[in-house]
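The block underneath contains the structure these notes are about, expressed in structure tokens.
The values are calculated or read from the model by the stated rules, or taken from the named source; none is laboratory data. Worth saying up front: this structure is predicted, and the values here are computed from it rather than measured. As a convention, Cβ positions derive from the backbone with ideal geometry for all residues, glycine included, and neighbour counts pool all protein chains shown. To get the accessible areas, we keep the full protein, side chains included, count just its heavy atoms, and leave off ligands, DNA and RNA. Shrake-Rupley method; radii C 1.70, N 1.55, O 1.52, S 1.80 Å.
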Amino acid sequence: MKRKLFCERFLNGWRRVFFLLLFLSGAFDLYSQIYSSLISDMVHNDKYLYMATEKGLVVMDKKTLKQEIHVKGDVLKEAPSSLFLRGDTLWVGQRGSWITKFCGDSSYSFRVTGLNFWCEGGAPSIIRVGPQNELIMAIISFLIRVENECVEEDYMLSPHLFTEDFITGMEFDSTGALWISNKVSEKKFVLCRYTKEGGVEFIPTEFDRLNTLEVDGDDNIWLASDFCVTKYDGTHFPIILRTGSSPIEEIQFDKQGVLWILCRDGMLKSFDGETCTDFSFPLSSKEQFRRMDVDDSYIYISTNKRLLIFHDGEFSNVEVVSESSAIEDVQLCKDSRMPERIYNLAGQRVGATYKGIKINKVIR
């Protein structure tokens, strides 16, 4: 009897463990599908769009959409996590605290030394290069200044280290001050201003969390919380617009001064100072808008599943190369829900519309 009771308890215990593991694996899979991103960062110049993906650094010709990828062990030391571009020089932040600097046809990699215990081996979520060419990195909730490949200063900007309270945006203004937005639950920590001379200054705000920030040409700081955009003029935080039930993921200005607002639920908004215009894209199940890079007349948008190009009021879908290969030939696929139009792509006139890009040939 005792043996039978022991066996039943033993089996019931293992059943609980099994179903707990099954639940956790399912929950993790759901979390990874929703919150992971195919592309963690994007930057562009006149000719190329650079994308940091979990497979490597993808370089796409903006005219032809031809792509090539630099994978771990090729030029990069680890998988890329963040990008910064100034002129012809591209900085790539990678896992393991590696930084690779591309300038023309040459590249140079180094591992940042002197990191604290929490950041050692971490992947920079954001990297920026200051007016004196100092490298600034964000790892978790730490702001780190690097000089001569070694940490000079680091600041913990959130009182909660192991939650989702991390740095969400970093931009320099014209004076060389760095503005930082944070995703935290206490108002006094969500907006910071950093200078080399004065360190970190926390700016009291009306918000409990900030998802991103942008600095305009007049050094106004534009901030996005979950459902509204505000502009900090040095004293006040007036709300400029609200997005209703669409949570904001990112904001950026184009060269004409139009503010573009990317919302997770498939909504893209433009605000010219007076009028807000909405453009919606039908996302698939468990898909969300994650990143945005605003070009002259194109907006590159990544979800956790694909890359989209927004142009002239329409969205197109581009397959991103994920192996050591280059996409040589592409053509547009017809979408019957949109009017027939003629596009010029890779030197060919194609009678179709912007639903997607079909890969004709892959060179390995």
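For residue 284, the conditions (1) free of Cβ contacts under 8 Å to residues at least 24 places away in the same chain; (2) under 17 Å from residue 257 (Cα atoms) all hold with the exception of (2).
Among the conditions (1) within 25 Å of residue 175 (Cα to Cα); (2) over 22 Å from the mean Cα position of the chain (by Cα), residue 125 misses just one, which is (2). Here is the figure for region 197-215: residues that are closer than 22 Å to residue 135 by Cα, of a type in the set (D, E, K, R) and surrounded by fewer than 17 Cβ atoms within 10 Å (Cβ to Cβ) total 2.
For region 76-88, the set of residues classified as open to solvent by 40 Å² or more (accessible area, probe 1.4 Å) and not in a strand (DSSP E or B) consists of 77, 78, 87, 88, listed by residue number.
The criterion of being in contact (Cβ under 8 Å) with a residue 40 or more places away in the chain and not small (Gly, Ala, Ser) does not hold for residue 256. The one condition from (1) within 22 Å of residue 310 (Cβ to Cβ); (2) surrounded by 15 or more Cβ atoms within 10 Å (Cβ to Cβ) that residue 245 does not meet is (2). For region 128-155, the set of residues classified as at pLDDT below 90 and more than 19 Å from the chain's Cα centre (by Cα) consists of 131, 132, 133, listed by residue number. Only one residue in 37, 25, 32 is in a loop (DSSP other than H, G, I, E, B), among the hydroxyl-bearing types (Ser, Thr, Tyr) and at pLDDT below 90, so which one is that? So the residue among 37, 25, 32 that is in a loop (DSSP other than H, G, I, E, B), among the hydroxyl-bearing types (Ser, Thr, Tyr) and at pLDDT below 90 is 37.
Here residue 255 clears all of (1) farther than 23 Å from residue 45 by Cα; (2) part of a loop (DSSP other than H, G, I, E, B) except the condition numbered (1). Scanning region 268-284 for residues that are in a strand (DSSP E or B) and surrounded by fewer than 21 Cβ atoms within 10 Å (Cβ to Cβ) returns 269, 270, 271, 276, 277, 278, 279, 280.
In summary, residue 232 fulfils each of the numbered conditions (1) open to solvent by 30 Å² or more (accessible area, probe 1.4 Å); (2) modelled with pLDDT under 95; (3) not charged (D, E, K, R) with the single exception of condition (1). Here 319, 323, 287 are screened, and the one residue that is loosely packed, with under 14 Cβ neighbours inside 10 Å, at pLDDT below 95 and touching a strand residue (DSSP E or B) at 6+ places or on another chain (Cβ under 9 Å) is 323.
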